[in-house]
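The values are calculated or read from the model by the stated rules, or taken from the named source; none is laboratory data. Keep in mind it's a predicted model, so treat the numbers as computed, not measured. As a convention, Cβ positions derive from the backbone with ideal geometry for all residues, glycine included, and neighbour counts pool all protein chains shown. Keep in mind that these areas ignore ligands, DNA and RNA; they rest on the heavy atoms of the full protein, side chains included. Shrake-Rupley method; radii C 1.70, N 1.55, O 1.52, S 1.80 Å.
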Amino acid sequence: MVKVTIDGIEIEIPKGTTVIQAAEQAGIEIPRYCYHPGLSIVGVCRICLVEIERMPKLQVACYTPATEGMVVHTNTEQVLEARQAVMEFLLVNHPLDCPVCDQAGECWLQNFYMQHALHDSRMFENKVKKSKALQIGPNVMLDSERCILCSRCVRFCDEISKSNELGIFNRGDRAELQPYPGTELDNDYSGNTIDICPVGALTDRDFRFRTRVWYLSETESICPGCSTGCNINVHHNDQRTYKAGGSRVSRLKPRYNPDVNEWWMCDAGRYGFTHVDADSRILAPTRSIGEEQEMSWGEAASEIMTKLREVISVHGKESVGVILSPQMTNEDLFVARRFFRDGLGLKHIDFEVAPLTTGAKDDFLIKADKNPNTAGARLLGVGARQGSGMTVAEMLEAARKRKLRALYICHHDLANGFAVDVVEEALTAQDLVVFQGPNTNSTSALAHYVLPAAAFVEKTGSFTNYAERVQMIHTAVTPLGESKADWQIFRSLAKEAAISVPYFEAEDVFQALTAEVEAFSGLPYAGLAGQGIALRDGQALPESETVVA
Amino acid sequence: MTESIGIVLGKLAFVLLFVLNFGGVLTWVERKQSALMQDRIGANRAAIFGFRAIGLFHGIADAVKMFTKESFRPANAEKFIFTLAPAISVFFALIGFAVIPFGDKLLLGGTEINLQLAPLNVGVLYLFAVAGMAVYGVVLGAWASRNNYALLGGLRAAAQMISYEVALGVSIFGCIMIYQTVDLQEIVRWQGGYWGGWLPAWGVFLQPVGFILFLTVGIAETKRIPFDAPEGESEIIGYNLEYSGMGFGMFLLTDFIETVMIAAITVTLFFGGWQVPYLMPDGFHFPWGGTVELANWAVAILQVVSFTFKVIFFLWLQMTIRWTLPRFRYDQIMRLGWKYLLPISLANIVITGFLILMLK
Amino acid sequence: MSKVAFSQESLSEFERIVAQYPERRAAMLPTLYLAEKEFGHISPEVEVYVGELLQVPAIKVREVLTFYTLFASKPRGKLHFQVCRGISCDLRGCTKIIEHLQEKLNLNSEETSADLAYTLSEVECLGACETAPMMQLNDDYHGDLTTETVDLILDEKK
Amino acid sequence: MINVHDKHKPLTFIEKTYLPAIVSGVLLTSRHFFVNLTRHILRAFGVKLKNMAAVTIQYPEFLRPLFPRLRTMHRLTRREDGTPRCVACMMCETVCPAKCIYIIADEKLENPQIEKMPRSFDIDLGLCVFCGYCVEACPEDAIRMDTGILEISNYTRNGMILDLETMLSLEPMSSRYVQYDRGGEVVSADYIDERHRSDA
């Protein structure tokens, strides 16, 4: 440990810490462009110059290790002058096309200019023209004129994605960021280069011109794209709903969590939110026996329960299969368990559907299991492997033979896990098929009743990731149409069946869950927000336990 | 019964035409006079075949609009009273004219016609009674609307009109003490005399304070600016809030009829009514000695014309005041009525009585 | 992309160079010199090959290559005329020399003849002002040029 | 030090009767009435008078000249090639206190130097407060409020919405605005003379 003094604040830091990190711990922000905590240090942007006593010149805070007794000043006249000079150089050839730049509003060139520079341009020369609006990958647009050559993206491609697509070629004012000729920036994590770009050089093709960033609100959430459970912020547009064709969720951004995804997320997760505002969303409870007809929740609940009770009374409890989904939150699954298993006394409950094609995976963030809550479902014991009932495959087989008469399917498109004709034969042989989920799919097309469930951005709850870390999602936008969170749907069905589900908020469910389920016992609800809580110190589940076909 | 039904109907028609035409024309006068006072032109757009008639058609356009407009009634309104209230209002404003003399006697084919619709020997009391009823239309209309704002307006109207009713009565006691009669025709005839042989013995010279008090109170009774707290159409909203179409039109008309009424009473009590200076029943007898012989019918016509012009002058004066002064605040109205007008009226009676005793 | 490779001789030279540096990638510049000498210019294939030799991604080779202006990334003629246009040479009439060469070689500045015989380029001061006007022909300096001496050199080298 | 004087002096008894004030007020207004009445009558008989009887301008027939800074209906300016100058940066939309501007952006693929343009640009004049902040905020001089159009009315709420094409088609109407030369002299205002003919 070494003691350093930064702007009069004395702090003790481990040896080898750089000045910029030490300042951060002391609560002092030093401006930076090239420095990123997740990347190697290069010290090329020179904006982080600070004055260190007994050193003849200003030093870069990002590359200077803090040493015992060091006294640093980040706010002297000399430092401010140096920052202004650096800003002036950075802006020499910057096109200042902020009005059309998507980065405007979250641009560090703008921010530091407002904070530190505020000078008038002294340049009369024409600005150097470089390529603009260049599509360098499926997700990324490059504007070389705006680039300040901080090389964050280059280092990201070298060090994090290890795919080496980007380089800085030529020198002087002709130096230009380009992908290697003949390649494009198409690695699985390319979207992160947009996040780390401090200026508007790299912008998002998907987000391009949809709205302006200052119209967006931010809600903490968890990526539902795979079992990693990357921490994300949902950026949603509440104020100007007419923008971007009325889509409410504008983009997802990774949220720092040192134990899960650090600063990153994969492109599949980043752009995997389109289903939230898709046309395929189910808007109201629908009866699709004969002619399709929308109904109220009250009608739907009483009709479904009447039919379900009929099936149970004629054919017995063994004749009903419930297929839950690892896309549902712990709360949803717990209420489902309470309703179907404890309340109705059903035996055949499962959630795992092995996909026909194995999901892509790598050894960084992408997991083959594309569900966010497989571990949670398992811990809650709602699977056939944990209970004694039939697996989904067995249920479909039994359904085909009409041993099962009613199926309650949540979220799953069964065609992803089974041959189409198997599913069709099984479902058409049923007396009652209820589908519950946010979007229509080939399974919902065969259901007698379709119930709209809220999408992940529309509800509050918790997911348990592959390493059994419980993390929270929050309601970012109000549920579309009549849709409700899954547990609320189960609650209204339970009310019809006179089964007590005395929960009003997701928090109530979670409290009951921690009281009843051994694995979750003692989890504080308040502690889940932010980084989440690991159930058993981040040990991953053995791969063999997850069903990946 | 000295007059035939025909003659009574004739007089009735004359009085109604007189009053209603004045009421109608006042809507035009109000627009044009205010415009002239404010260096404007005033309403001049309504035209028939491109002929604009300096804006006179606006009154017709108003009438057409009010008759054809939906007469809206709020769902909770007291249906019967709500419909009746404007009629009450306009009715009591109109019947006051029954006792106003607009001329002396006209000899027509041997019949002596009293140019007064109802020769009532308690004319002044009748006027008080009628004026006292006028507030009912306003208050009933406001209450029947079942609208809090309208009701508040109605309450302001009731408070104002009842307060000023007292001062109204007291302010003319002085006149009556001098005239020694409450028959309006007699009052007018009393004013036919001359002081010092040349100054007409009009009430205004005998009772200047009484005249100012009466005019003030009279204007207050019409509920027009500066005493329009009950209506306050521009901002505070009044008793006629829920009225539209002709219901509203009748309230509007009431104000104008009352204006004519006040003008007529003022003329009758203080300006010699139909009297023309130096005009005797047989012609002019000037104080400097000249005489002009006139037939009885000519005298009658001169008297009616004289009365009309005096009324017109007071209409003009009321209009001028209405477009000159801003509105009094409610508390100012009350203070003025109770703390100034009433005591001064009472003092006026005492002083008048004292003077009468002294001069006898 | 045709596979390129160093000759045995160059390869041993490369091994000798790499051995001088603590890190393989530090030998980038000498290796690029070597490659330029061997292949005439550094084509994309050569970039990849050099990257393989130094165990770095080809893009890193390209970054270095484009940073230095004197590496040839395009084919260059057998005779490379680099006429100095520094201030001394300019005063002493390098413009005439350049025009003469352009005429003689039938080339514009910064062009290479189609048969890869000549390349003509104008360069900044080569540091031989005492012999201005001068030029560099491949690795040799020629000073005190006149159109006649240029013709002589040309004849000699043909 | 500030000297505070009580402006509300107590009224004298005569003043409290309001009569002197009422009389002087009535005299003032009556004088206007009679003077104007006389002038009107004289004019009706064709007598030319130096002073007008009324200051009224007969509005639809005669228009008042507008002052150069007056903000009227919005328009969008064009580039030399006729495309909108607007780059859909949404500054006006952001600054608008009435939230009456609705912009949806689009890519301007044919010109990467401009990159962005509005796909739709609507202003709801029913909400607009004519503050002119949009003009102030525009970095491209794309929106201006100099059309001289004041008569903005419609039978429907939707009719109050200005769209991109309409605003691009509007032209500045300089003739309705007073023009000054550098010395501040009025050099052009086509409507000022007509005002003198306006007396009806």
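Rank A:THR464, A:VAL420, A:PRO524 by how far each Cα sits towards the positive end of the charge dipole of the stretch A:405-549 (+1 on Lys, Arg Cβ; -1 on Asp, Glu Cβ) and give me just the farthest.
So the residue furthest toward the plus end is A:PRO524.
Over the alpha carbons of the protein assembly as shown, what is the largest minus smallest coordinate on each principal axis, giving the biggest first in Å?
Taking the Cα atoms of the protein assembly as shown, the three principal extents are 156, 107, 67 Å.
In what sequence, largest accessible area first, do A:ARG491, A:ARG83 appear using a 1.4 Å probe? Before the final figure, lay out the partial values.
Values: A:ARG491 65, A:ARG83 5 Å².
Order by accessible area, largest first: A:ARG491, A:ARG83.
Probe radius 1.4 Å, ligands and nucleic acids left out: can you give me the accessible area buried at the A-C interface, summed over both chains, in Å² to the nearest hundred?
On the way: alone 23420 and 9540 Å², together 31970 Å².
Approximately 1000 Å² gets buried when A meets C.
Whole Å is fine, so just give me how far the alpha carbon centre of the stretch C:105-125 lies from that of the stretch C:80-103.
Result: 12 Å between the Cα centres.
Sketch the reach of a paramagnetic label on A:ASP186 as a point 7 Å from Cα along Cα-to-Cβ, and name the residues of the stretch A:241-280 whose backbone nitrogen lies under 17 Å away.
Taking a point 7 Å out along Cα→Cβ of A:ASP186, the residues of the stretch A:241-280 whose backbone N falls under 17 Å are A:267-268.
Once both axes come from the Cα atoms, what is the angle between helix A:297-315 and the longest principal axis of chain A, in degrees from 0 to 90, rounded to 10?
Between helix and principal axis, roughly 50 degrees.
With the Cα gyration tensor of chain A giving a ≥ b ≥ c as the square roots of its eigenvalues, does the rule (a/c under 1.5 for rounded; else a/b larger than b/c for prolate; else oblate) give rounded, prolate or oblate?
On the way: a/c = 2.59, a/b = 2.07, b/c = 1.25.
In terms of gyration-tensor shape, prolate.
Just grab the label-to-label distance for D:ASP106 and C:THR95, each label 7 Å out from Cα along the Cβ direction, in nm (one decimal).
Those two pseudo-labels are separated by 5.3 nm.
Sorting A:TRP264, B:TRP297 by accessible area (1.4 Å probe), largest first, what list results?
On the way: A:TRP264 5, B:TRP297 155 Å².
Sorted descending by solvent-accessible area, the residues read B:TRP297, A:TRP264.
When the helix-only estimate is applied to chain B (DSSP H runs of n ≥ 4, each -39,500 (n - 2.57), divided by the residue count), what is the mean residue ellipticity at 222 nm, nearest 500 deg cm²/dmol?
Numbers: 13 runs with 217 residues, N = 360.
-20000 deg cm²/dmol, from helical runs alone.
How high is the FRET efficiency between A:ARG205 and D:VAL95 when r is their beta carbon distance and R₀ equals 35 Å, given to the nearest 0.05?
Working: r = 28 Å, r/R0 = 0.80.
So, using R0 = 35 Å, E works out to roughly 0.80.
Given the protein chains as shown and a 1.4 Å probe, how many square angstrom of A:LYS370 are accessible, to the nearest 10?
Spelled out: A:LYS370, probe radius 1.4 Å, area about 80 Å².
Net charge near A:ASP97: determine it from the other residues with C-beta under 13 Å of the C-beta of A:ASP97, scoring Lys and Arg +1 and Asp and Glu -1.
Details: positive: A:LYS127, A:LYS129, A:LYS130, A:LYS132, A:ARG146, D:LYS108, D:LYS116; negative: A:ASP102, A:ASP143, A:GLU145, D:GLU115, D:GLU140.
Around A:ASP97, the surrounding residues sum to +2.
Cut-off 14 Å, label point 7 angstrom out along Cα-to-Cβ of A:TYR242: give me the residues of the stretch D:72-87 whose amide nitrogen falls inside.
none
With every protein chain left in place, what is the accessible area per residue of the stretch A:2-91 in square angstrom, probe 1.4 Å?
On the way: 4290 Å² over 90 residues.
That works out to 48 Å² for each residue.
Net charge near B:TRP143, counting Lys/Arg +1 and Asp/Glu -1 over other residues with Cβ under 15 Å of its Cβ? Before the final figure, lay out each step's value.
Values: positive: B:ARG73, B:LYS79, B:ARG146, B:ARG156; negative: B:GLU78, B:GLU242.
Summing Lys and Arg as +1 and Asp and Glu as -1 gives +2.
Which value, in debye to the nearest 20, gives the size of the charge dipole of the stretch A:424-537 about its Cα centre, when Lys and Arg are +1 and Asp and Glu are -1 at the Cβ? Write out the running numbers ahead of the final one.
Working: 6 positive and 14 negative charges, 53 e Å.
The dipole magnitude comes to about 260 debye.
Taking 35 Å as R0, compute the FRET efficiency from the Cβ-Cβ separation of D:ARG182 and D:ILE149 and round it to 0.05. Walk me through the intermediate numbers first.
Numbers: r = 28 Å, r/R0 = 0.80.
For D:ARG182 and D:ILE149, the calculated efficiency is 0.80.
Nothing charged except the Cβ atoms of Lys and Arg (+1) and of Asp and Glu (-1): what's the magnitude of the dipole of the protein assembly as shown about its Cα centre? Round to the nearest 20 debye. Let's see the in-between values first.
On the way: 118 positive and 146 negative charges, 1199 e Å.
Dipole size: approximately 5760 debye.
If you take every DSSP beta bridge fully contained in chain C, what fraction is antiparallel? Give it as a percent rounded to 5. Walk me through the numbers on the way to the answer.
On the way: 8 of 14 bridges.
Close to 55 percent.
May I ask you to derive the FRET efficiency for B:MET177 and D:SER174 from their Cβ-Cβ distance with R0 = 45 Å, giving the value to the nearest 0.05? Working shown, then result.
Details: r = 75 Å, r/R0 = 1.67.
The value I calculate is 0.05.
Would you mind calculating the gained length between A:VAL128 and A:VAL314 on full extension (0.36 nm times residue separation, minus the Cα-Cα distance), in nm to one decimal?
Values: separation 186, 0.36 × 186 = 66.96 nm, distance 8.10 nm.
In short, 58.9 nm is gained.
Considering chain A, which cysteines have no disulfide-compatible partner, defined as another cysteine with its Cβ under 4.7 Å away?
Unpaired cysteines in chain A: A:CYS48, A:CYS62, A:CYS98, A:CYS101, A:CYS107, A:CYS147, A:CYS153, A:CYS157, A:CYS197, A:CYS226, A:CYS266, A:CYS410.
Over the stretch C:83-138, what relative contact order in percent results from Cα pairs under 8 Å that are six or more residues apart?
Numbers: 68 pairs, mean separation 28.2, N = 56.
Relative contact order comes out at 50 percent.
Can you give the charge dipole size of the stretch A:338-445 about its Cα centre, rounded to the nearest 20 debye, using +1 on the beta carbon of Lys and Arg and -1 on the beta carbon of Asp and Glu?
Values: 13 positive and 13 negative charges, 83 e Å.
Rounded to the nearest 20 debye, it is 400 debye.
What residues in the stretch A:158-186 lose 30 Å² or more of accessible surface when the other protein chains are added to their chain alone (1.4 Å probe)?
With the partner chains in place, the stretch A:158-186 has these residues losing at least 30 Å²: A:ASN164, A:PHE169, A:ASN170, A:ARG171, A:TYR180.
Before I look further, what does chain B give for accessible area per residue, probe 1.4 Å, in whole square angstrom? Don't skip to the answer; put the middle values down first.
Values: 16270 Å² over 360 residues.
Result: 45 Å² of accessible area for each residue.
Specify which residue in the list B:PRO119, A:VAL154, A:GLY191 is farthest towards the positive end of the charge dipole of the protein assembly as shown, using unit charges on the beta carbon of Lys, Arg (+1) and Asp, Glu (-1), about the Cα centre.
Comparing the listed Cα positions along the dipole, B:PRO119 ranks first.
Karplus couplings for the stretch D:56-69 from phi (6.51 cos²θ - 1.76 cosθ + 1.60, θ = phi - 60°), rounded to Hz, Gly and Pro as x?
Values per residue, Gly and Pro as x: 5, 9, 6, 4, x, 6, 10, 9, 6, x, 9, 7, x, 8 Hz.
Under the definition of partner shielding as Cβ atoms of other protein chains within 10 Å of a residue Cβ, what is the mean value for peptide A:99-105? Display every interim value, and only then the final one.
Numbers: counts 12, 13, 3, 3, 0, 3, 1.
So the per-residue partner count for this stretch is 5.
Report, in cubic angstrom per residue, the convex hull volume of the C-alpha atoms of the stretch A:289-545. Display every interim value, and only then the final one.
Numbers: hull volume 32.5 nm³, N = 257.
It comes to 127 Å³ per residue, whole-number rounded.
Over all residues in B:29-41, what is the mean tally of Cβ atoms on other chains that come within 10 Å of each residue's Cβ? Don't skip to the answer; put the middle values down first.
Numbers: counts 0, 0, 0, 3, 3, 2, 6, 13, 9, 7, 10, 5, 11.
Taking all residues of B:29-41 together, the mean is 5.
If you average the sequence gap of Cα pairs under 8 Å that are 6 or more apart and divide by the length of the stretch A:289-545, what percent do you get for the contact order? Spell out each step's value before the answer.
Values: 457 pairs, mean separation 53.1, N = 257.
RCO, the stretch A:289-545: 21 percent.
Which one of B:ALA264, B:PHE82, A:ALA284 has its Cα pushed farthest toward the positive end of the charge dipole of the protein assembly as shown, where Lys and Arg give +1 and Asp and Glu give -1 at the Cβ?
B:ALA264
Report the antiparallel proportion of the DSSP beta bridges in the protein assembly as shown as a percent, rounded to a multiple of 5. Don't skip to the end; give the middle numbers.
Numbers: 79 of 106 bridges.
For the protein assembly as shown, the DSSP antiparallel bridge percentage is about 75.
Tell me, what is the per residue accessible area of the stretch A:325-376 in Å², probe radius 1.4 Å?
On the way: 1670 Å² over 52 residues.
That works out to 32 Å² per residue.
Using label points projected 7 Å from each Cα along Cα→Cβ, tell me how many nm separate A:ALA515 and B:GLU70, to one decimal.
5.8
For chain A, what is the relative contact order in percent, using Cα pairs closer than 8 Å and at least 6 residues apart in sequence?
Values: 1104 pairs, mean separation 61.1, N = 549.
Relative contact order for chain A comes out at 11 percent.
Round to the nearest 10 and give me the degree value, 0 to 90, for the angle of helix D:19-44's Cα axis relative to the longest principal axis of chain D.
Helix D:19-44 sits at roughly 70 degrees to that axis.
Take C:PHE71 and A:LEU96, extend 7 Å from each Cα along the Cα→Cβ direction, and tell me the distance between the two endpoints in nm.
Once both label points are built, they end up 3.7 nm from each other.
Restricting to DSSP H runs of at least four residues, report the calculated mean residue ellipticity at 222 nm for chain C, -39500 (n - 2.57) per run over all residues, nearest 500 deg cm²/dmol. Don't skip to the end; give the middle numbers.
Numbers: 7 runs with 73 residues, N = 158.
Using -39500 (n - 2.57) per qualifying helix, the result is -14000 deg cm²/dmol.
If you line up the long axis of helix B:57-68 against the longest principal axis of chain B, both from Cα atoms, how many degrees apart are they, to the nearest 10?
Between helix and principal axis, roughly 50 degrees.
Take the alpha-carbon centre of the stretch B:236-270, take the same for the stretch B:305-360, and report the distance between them in whole Å.
19
Can you put A:ILE289, A:ILE304 in order of accessible area, largest first, using a 1.4 Å probe? Don't skip to the end; give the middle numbers.
Numbers: A:ILE289 75, A:ILE304 0 Å².
My answer, sorted largest first, is A:ILE289, A:ILE304.
Given the stretch B:73-359 reduced to its alpha-carbon atoms as identical point scatterers, what log10 I(q)/I(0) does the Debye formula return at q = 0.09 Å⁻¹?
The computed values of log10 I(q)/I(0) come out as -0.47.
Determine how large the accessible area of A:SER247 is when every protein chain is in place; take a 1.4 Å probe and give Å² rounded to the nearest 10.
Around 20 Å² of this residue is reachable by solvent.
Of the heavy-atom accessible surface of the protein assembly as shown (probe 1.4 angstrom), what whole percent is carbon and sulfur? Before the final figure, lay out the partial values.
Values: 34820 of 60380 Å².
Ligands and nucleic acids excluded, carbon and sulfur give 58 percent.
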